Every structure is written in structure tokens, then in C-alpha cells.
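Working notes for the structure below.
Here, each number is a calculation from the coordinates, and none is a lab measurement. From a predicted model like this one, the values you see are computed outputs, not experimental measurements. Neighbour counts run over all protein chains shown; Cβ positions are idealised from the backbone, glycine included.
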Amino acid sequence: MARLITCEVCQKQINSSAENCPECGHPHEKDRTDAKNFRQILWMLGFMVVFAIFYKTGLLQQIIDMIFKKQLLFTLYFIVITPISPKENCTI
């Protein structure tokens, strides 16, 4: 989509799809947002494909279970195993 940009040389407003400024003839870089958006869409599609494969094969549930087990063990370690010493002069 074309938009207005400022020419670096003459400071006039020109169309972003133009190769040269119509006032001074200075060439400028074309808008690269389309290529950037296309790459972002490809990354999102790739992530969705990997997520779908993990979900369909059951690997996603295994990963979630492993995370929760480690989190549970981590929490139990600090609640049960690590002695909790009362702080001096602590009022609630």
C-alpha cells in the first residue's frame, strides 16, 4: 500500500511507491513493509504447524505435564524441604 513519505533531499511529500522524487529526481528505497509482513506471516504459520504437530502427536501434553511436575517439585522443595526460619521482629 502506497503512502506519503518525505524526500530526503527536497523535503517534499512523495508517494512511497515512486522510485524517484518527481521534484528533484533523487532516488529512494522502496517500502519494504510488505516483505517484512510476509516474513512475519511465514514465521507464524511455521509456529502453528509445529504447534499442531506437537498437539496431534501428544508431545504438547507431555511437555505441559513435565513443566507442571518440575514446577510442583520446585514449589514443594521450597515449602516442605527448605526450613522456613521466622524473621526477628516480624509483625503481621
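For the reader, a short list of remarks on this structure follows.
- Distance between the modelled labels on Leu73 and Ser17, one decimal in nanometres: 5.9 nm (7 Å Cα→Cβ projection).
- Where labels lie 7 Å past Cα in the beta-carbon direction, separation of His28 and Arg3 in nm: 1.2
- Environment charge at Glu23 (Cβ cut-off 13 Å; Lys +1, Arg +1, Asp -1, Glu -1): 0
- Summarising the label geometry, the points placed 7 Å from Cα in the beta-carbon direction at Phe38 and Thr57 lie 3.0 nm from one another.
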